[in-house]
Amino acid sequence: MRCLAIVHERDAGPGVFGEAMVERGVTLDEWFIAESDEPPADPFGYDAVFSFGGEMNPDQDAKHRWMAPEKRLLGELLEAGVPLMGSCLGTQLLGEGAGIRARRSSRQEIGWFDVEVTPEGRDDPVIGPMGPAFSAFECHSYEVPAPPGAVVLATTPVCPQAWRIGELVYGIQFHAEVTEADAQAWVRGYGPGSSAVLAGLDTARVARETEAGIATWNQLGRELCGRFLDVVAARRAAGATA
């Protein structure tokens with residue numbers, strides 16, 4: 001199996017998802033899209049494509065020249081039936097590619113938050129095993145509603161946290177892929193004058209909670225990625241024998 005990771009920042013890559021792929025013998029190519037217009041190979045030739053996070057907002061097309069093209073690409077991959085998974089910003093870009101506008105959240109979710117798996121999510125092969133609820137690491141001030149035809153799989157009071165289009169396209173708002181080093185770096189990046197801190201973010205508390213909870217969270221992330229890869233492999237095998 002070959003997968004493509006679209007990476008927007010060097011400290012926001014595939015993380016433990018990459019570890020899960022290595023363990024399964026999956027070939028993973030990384031495309032640092034802000035640094036190169038050319039992907040490692042044709043995105044339509046991969047068995048699955050992932051789009052990860054970044055500190056930029058999904059409405060900054062004019063500031064980031066790669067953003068609008070990525071939204072179009074994700075929409076085209078969706079139409080072509082390529083398995084997809086977005087994480088945080090990647091989910092917001094995927095949602096826009098699927099025809100729904102991302103927007104600023106009613107409040108920021110930075111740190112650890114309780115996520116509830118919906119009744120539909122409990123039957124989902126990727127999200128279901130995390131039910132009925134779990135604590136997730138988040139780092140966002142924007143959200144994206146579920147696109148047309150999507151099934152909401154998990155939520156917080158703020159916004160949808162996971163949704164699925166068809167059987168092979170997933171958007172997750174939480175950072176199931178994040179390593180401890182990256183999570184702590186993100187938290188340290190919120191200085192005393194940042195809007196998040198001014199709104200009440202306690203970075204010292206989040207850092208302590210991250211140190212305490214990241215090992216369990218990383219294992220859940222590897223397992224989530226593994227289940228997604230299993231779904232992709234099963235559909236690939238079914239197509240080969242059809």
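Rule-based calculations on the coordinates, nothing more; no lab input. Everything numeric in this text was worked out from a predicted model, so none of it was measured. Using ideal geometry, Cβ is built from the backbone for each residue, glycine included, and neighbour counts are taken over all protein chains shown.
Table for the structure above
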| quantity | calculated |
| --- | --- |
| Length released on extending from R72 to D230, taking residue separation times 0.36 nm less the Cα-Cα span | 54.2 nm |
| Within a Gaussian network of the chain (alpha carbon springs, distance under 10 Å), most fluctuating of T210, T179, T27 | T27 |
| Helix-only mean residue ellipticity at 222 nm for the chain, each DSSP H run of n ≥ 4 adding -39500 (n - 2.57), per residue, nearest 500 | -11500 deg cm²/dmol |
| Among H175, H64, H140, residue whose mean-square fluctuation peaks in a GNM of the chain (springs only between Cα atoms under 10 Å) | H64 |
| For region 2-241: relative contact order, % (alpha-carbon pairs under 8 angstrom, 6 or more apart) | 19 |
| Residues with amide H under 5 Å from that of V49, placed H, sequence gap 5 or more | L4, L84, M85 |
| Correct option for log10 I(q)/I(0) by the Debye sum over Cα atoms at q = 0.07, 0.13, 0.16 Å⁻¹ [calculated from the coordinates] among [x] -0.26, -0.93, -1.37; [y] -0.20, -0.74, -1.17; [z] -0.24, -0.83, -1.22 | [y] |
| At most 11 other Cβ within 10 Å, DSSP loop - GluC sites (Glu not before Pro), region 1-44 | E35 |
| Hz values of 3J(HN,Hα) by residue in region 67-75 - Karplus curve (6.51, -1.76, 1.60), Gly and Pro given as x | 5, 4, x, 5, 4, 5, 4, 5, x |
| Whole-Hz couplings from phi, Karplus 6.51/-1.76/1.60, listed for region 112-125; x for Gly and Pro | 10, 9, 7, 10, 9, 7, 6, x, 5, x, 5, 9, 7, x |
